[in-house]
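Asker: There's a structure below that I have some questions on.
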Amino acid sequence: MDDKHTLMDLYRRSVLQHSRTPHNFGRLDAADLKAEGHNPLCGDKLTVYLRLDGNDILDISFEGVGCAISLASASMMTEAVKGKALSTAQSEANDIIGNFARPDARWNGDRLGELAALGGVREYPSRIKCAVLPWKTLCAAISKTEQTVSTE
Amino acid sequence: MNATGQIPDSSNSARPALDNDRIRGDFPILHQSINGCPLAYLDNAASSQRPRQVLDAIQHYYCHDHSNVHRGVHTLSHRATEAYEGAREKVRKFINARSVTEIVFTRGTTDAINLVADSLGRDFSADDEILISHMEHHSNIVPWQLLCEKTGAQLKVAPINRQGELLLDDCLALMSDKTRLVAIAHVSNALGTINPVERLIPAARDRNIPVLVDGAQAIPHQAIDVQALDCDFYAFSSHKMCGPTGIGVLYGKQQWLERMPPYQGGGDMILSVSFEQTLYNELPYRFEAGTPNIAGAIGLGAAIDYLDTIGMASIAAYEADLLTYATSAISELPGIRLIGTAAEKAGVISFNVDDIHPHDLGTVLDHQGVAIRTGHHCAMPVMEFFGIPGTARASLAFYNNRQDIDQLVEGLKLAIRMFQ
């Protein structure tokens, strides 16, 4: 990390807003799919719930505890994939996870909309797993994985 | 708030006599910028830093004296052996053990505890119990769980209160005819609590129960006298006391060590080997299989020399003063919740700030050059007891000063402004 990266690149205004008041936070009754994600090192734990209409995500929510980065990532994720087809959501999730994992690759922010604000985390290797956890949990829910996923 | 219960006067006029400027000059790593700010290293409970004297001793050994120990007849082997065994004598003197035969070099505290679990525990059975406390580091929990899995023995856990203090009476009540060992931290790494081992050990002695003290967090902060404590085992790590990583010590009373079977087999731990019968070496070599961490032991010896020149009493007094200063400065911040408020504490301040996640605090502080630990500190049962996923933990050493604390407090103020 060089000195030109400031804290504000990581904790952008929209990231802080989402972490303070996460969207779609809480348990979703009658969820068709759900999965739990756990990051043992941080103690971050979250559950992602999906309600489906055929192959489309009718509704999505999450609940749990986590740092500002994982809460904001989860909150933005629910907004990003709500209403989309499961296959689209899964491919976007894989795309995002791939983007986080490759600090050298250009952060493809243009088509990510609000999610682009999470790009600053790539300068913080120890925090990437915080941003990735909700997306991995979403993938686990979509593939109906029963076991808890972990970013460790 | 130190080991002797004295509360030091924190006014400037009565600050303990310890030349912090000169000491800081001995630690090369402290003199650097992190993210454009001077480094304030407050993660000493995870690992301390090394003075130049320790680095020089290791370099000198490798440049001039290295060979294998206890083997050759040539000059370098002799020098290496002298230096390695010289370090053992320094350790003996530092903790006031009766004899160097009671000083076993290990890879660290974890290895020392595993040695006792494996060796002493070899004849434990389903009728036996091992007693630990709720505030143990995972390294003083998991080896006993493994032993319980292997032997069917039961693990008993002595409770703590909301201040993070051991409930001594409950602990004593858990000792029974079935208890084969009490294993307890001298100082809690997550909470800073100093446990009343000097009261616990005689009570165990009355019941003929040996006591292992995990001294990893106590040894850098106060003088340790294993004969005065009368503990049966005392385990600690070099890297928490300004020595190298990868080396530690198991002190064991001779009467226990001599009846314990070897931990690992290999060279150096034997007198003679044939396919029919192997005779084990005498103490402490019976527990040191293979070529040991010679440079590590020599570095640890140099660290002990260094600590001795300052004096553990001076270090304890200085750190107690700094802890009082830091606790008071941090407590004044809005939304602070201290985790671990025991009456007797050593150099650790664990805290949370409102609902700001410790990792966010850690990242903001790192941007201000302040290194602290965040998370569960390898003490997940402690976190569960307090109903939190983790804490931010600032931990002190004698090379820290009030500027480090002020830098921490300013960093916390910034974090509070950002996240509120």
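The values are calculated or read from the model by the stated rules, or taken from the named source; none is laboratory data. Just so it is clear, the model here is predicted, and its values are computed rather than measured. Cβ: placed from backbone, ideal geometry, glycine included. Neighbour counts: every protein chain shown. For accessibility, only protein heavy atoms count, side chains too; no ligands or nucleic acids. Shrake-Rupley method; radii C 1.70, N 1.55, O 1.52, S 1.80 Å.
Asker: Being among the acidic types (Asp, Glu), surrounded by fewer than 22 Cβ atoms within 10 Å (Cβ to Cβ) and modelled with pLDDT of 95 or more narrows it down to one of B:321, B:305, so name that one.
Answerer: Only one candidate passes the filter, namely B:305.
Asker: Only one of these is within 18 Å of the chain's Cα centre (by Cα) and either outside the structural domain of residue B:164 (by TED's automatic domain parsing) or within 28 Å of residue A:131 (Cβ to Cβ) (or both): B:415, B:346. Name it.
Answerer: B:346
Asker: Condition test on residue B:228, is it under 19 Å from residue B:313 (Cα atoms) and more than 16 Å from the chain's Cα centre (by Cα)?
Answerer: Against the criterion (under 19 Å from residue B:313 (Cα atoms) and more than 16 Å from the chain's Cα centre (by Cα)), residue B:228 qualifies.
Asker: Further, regarding this structure: Any chance segment B:324-333 includes a residue that's more than 17 Å from residue B:190 (Cα to Cα), outside the structural domain of residue B:224 (by TED's automatic domain parsing) and under 22 Å from the mean Cα position of the chain (by Cα)?
Answerer: Yes, that holds for at least one residue.
Asker: Looking at residue B:291 and the list (1) open to solvent by less than 50 Å² (accessible area, probe 1.4 Å); (2) polar (S, T, N, Q); (3) assigned to a loop (DSSP other than H, G, I, E, B), which single condition is not satisfied?
Answerer: (1)
Asker: Let me ask something additional. Among the residues in segment B:39-46, are any of a type outside the set (Gly, Ala, Ser), surrounded by fewer than 17 Cβ atoms within 10 Å (Cβ to Cβ) and more than 22 Å from residue B:216 (Cβ to Cβ)? Before you say what the answer is, go through the steps one by one.
Answerer: Quick first cut of segment B:39-46, residues of a type outside the set (Gly, Ala, Ser) only: B:39, B:41-44.
Retained after the next criterion (residues that are surrounded by fewer than 17 Cβ atoms within 10 Å (Cβ to Cβ)): none.
Looking through segment B:39-46, none of the residues is of a type outside the set (Gly, Ala, Ser), surrounded by fewer than 17 Cβ atoms within 10 Å (Cβ to Cβ) and more than 22 Å from residue B:216 (Cβ to Cβ).
Asker: Any idea which of A:78, A:47 is away from chain B (no Cβ under 14 Å) and closer than 17 Å to residue B:389 by Cβ? Reasoning before the result, please.
Answerer: Numbers: A:78 fails: closer than 17 Å to residue B:389 by Cβ.
Unique residue meeting the criteria: A:47.
Asker: Suppose we filter segment B:240-287 for residues that are open to solvent by 10 Å² or more (accessible area, probe 1.4 Å) and not in a helix (DSSP H, G or I); how many remain?
Answerer: 28
Asker: Out of segment B:134-175, which residues are within 22 Å of the chain's Cα centre (by Cα) and among the acidic types (Asp, Glu)?
Answerer: B:136, B:165
Asker: I would also like to ask the following. Is there any pair linking a residue in segment B:214-226 that is assigned to a loop (DSSP other than H, G, I, E, B) to one that is open to solvent by 10 Å² or more (accessible area, probe 1.4 Å) and among the aromatic types (Phe, Trp, Tyr), with Cβ under 8 Å and at least six apart or on different chains, and which?
Answerer: The qualifying pairs are B:224/B:94.
Asker: Can you confirm whether residue B:212 is under 20 Å from residue B:181 (Cβ atoms), open to solvent by 10 Å² or more (accessible area, probe 1.4 Å) and of a type in the set (A, V, I, L, M, F, W, C)? If you could, list the steps in order and put the result at the bottom.
Answerer: Working: under 20 Å from residue B:181 (Cβ atoms): yes; open to solvent by 10 Å² or more (accessible area, probe 1.4 Å): no; of a type in the set (A, V, I, L, M, F, W, C): yes.
In short, no.
Asker: Can you list the strands (runs of 3 or more DSSP E) found entirely within segment B:299-407 that contain at least 2 residues being within 12 Å of another protein chain (Cβ to nearest Cβ) and either in contact (Cβ under 8 Å) with a residue 60 or more places away in the chain or of a type outside the set (A, V, I, L, M, F, W, C) (or both)?
Answerer: Filter on segment B:299-407 gives B:373-375.
Asker: Residue under question is residue B:91, and the condition is that it be within 21 Å of residue B:58 (Cβ to Cβ) and within 18 Å of the chain's Cα centre (by Cα); does it hold?
Answerer: The answer is yes for residue B:91.
Table: residues versus (1) part of a loop (DSSP other than H, G, I, E, B); (2) open to solvent by 50 Å² or more (accessible area, probe 1.4 Å); (3) without any contact (Cβ under 8 Å) to a residue 60 or more places away in the chain.
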residue	(1), (2), (3)
B:24	no, no, no
B:49	yes, no, no
B:53	no, yes, no
B:60	no, yes, yes
B:72	yes, no, yes
B:77	no, no, yes
B:83	no, no, no
B:86	no, no, no
B:89	no, yes, yes
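Asker: Next question, about the same structure. Here is a check on your reading of the model: is residue A:48 touching a helix residue (DSSP H, G or I) at 6+ places or on another chain (Cβ under 9 Å) and farther than 14 Å from residue A:135 by Cβ?
Answerer: For residue A:48, the condition - touching a helix residue (DSSP H, G or I) at 6+ places or on another chain (Cβ under 9 Å) and farther than 14 Å from residue A:135 by Cβ - is not met.
Asker: So for segment B:106-123 (the condition being assigned to a strand (DSSP E or B), within 26 Å of residue B:378 (Cα to Cα) and either touching a residue at least 60 places away in the same chain (Cβ under 8 Å) or not assigned by TED's automatic domain parsing to the domain that holds residue B:191 (or both)), does at least one residue qualify? If you could, list the steps in order and put the result at the bottom.
Answerer: Just the residues of segment B:106-123 that are assigned to a strand (DSSP E or B), to begin with: B:106.
Going one step further and asking which of them are within 26 Å of residue B:378 (Cα to Cα), we end up with B:106.
From what is left, the residues that are either touching a residue at least 60 places away in the same chain (Cβ under 8 Å) or not assigned by TED's automatic domain parsing to the domain that holds residue B:191 (or both) are B:106.
Checked segment B:106-123: at least one residue is assigned to a strand (DSSP E or B), within 26 Å of residue B:378 (Cα to Cα) and either touching a residue at least 60 places away in the same chain (Cβ under 8 Å) or not assigned by TED's automatic domain parsing to the domain that holds residue B:191 (or both).
Asker: Same structure again: In the list B:181, B:155, which residue meets the criterion of being within 15 Å of residue B:124 (Cα to Cα), in contact with a Gly (Cβ under 9 Å, 6 or more places away or on another chain) and touching a residue at least 12 places away in the same chain (Cβ under 8 Å)?
Answerer: Only one candidate qualifies: B:181.
Asker: Looking at (1) away from chain A (no Cβ under 13 Å); (2) over 17 Å from residue B:190 (Cβ atoms), which is the one condition that is false for residue B:411?
Answerer: (1)
Asker: Can you find a residue that is modelled with pLDDT of 95 or more and among the basic types (Lys, Arg) anywhere in segment A:23-40?
Answerer: Looking for residues that are modelled with pLDDT of 95 or more and among the basic types (Lys, Arg), one finds at least one in segment A:23-40, hence yes.
Asker: A further question on this structure: For segment B:398-419, give me each residue that is open to solvent by 10 Å² or more (accessible area, probe 1.4 Å) and not β-branched (Val, Ile, Thr).
Answerer: Once the filter is applied, which keeps residues that are open to solvent by 10 Å² or more (accessible area, probe 1.4 Å) and not β-branched (Val, Ile, Thr), segment B:398-419 yields B:401, B:402, B:403, B:406, B:407, B:410, B:413, B:414, B:417, B:418, B:419.
Asker: May I pose another question? Assess whether residue A:72 counts as being among the small types (Gly, Ala, Ser), under 12 Å from residue A:133 (Cα atoms) and away from chain B (no Cβ under 13 Å).
Answerer: Spelling it out, it is not the case that residue A:72 is among the small types (Gly, Ala, Ser), under 12 Å from residue A:133 (Cα atoms) and away from chain B (no Cβ under 13 Å).
Asker: Filter segment B:334-365 for residues that are aliphatic (A, V, I, L, M) and touching a strand residue (DSSP E or B) at 6+ places or on another chain (Cβ under 7 Å) and give the result.
Answerer: Scanning segment B:334-365 gives B:336, B:338, B:339, B:342, B:346, B:348, B:349, B:353, B:361.
Asker: May I pose another question? Within segment A:89-104, how many residues are open to solvent by 20 Å² or more (accessible area, probe 1.4 Å), farther than 16 Å from residue A:70 by Cβ and either modelled with pLDDT of 85 or more or in contact with a helix residue (DSSP H, G or I) (Cβ under 7 Å, 6 or more places away or on another chain) (or both)?
Answerer: Within segment A:89-104, residues that are open to solvent by 20 Å² or more (accessible area, probe 1.4 Å), farther than 16 Å from residue A:70 by Cβ and either modelled with pLDDT of 85 or more or in contact with a helix residue (DSSP H, G or I) (Cβ under 7 Å, 6 or more places away or on another chain) (or both) number 6.
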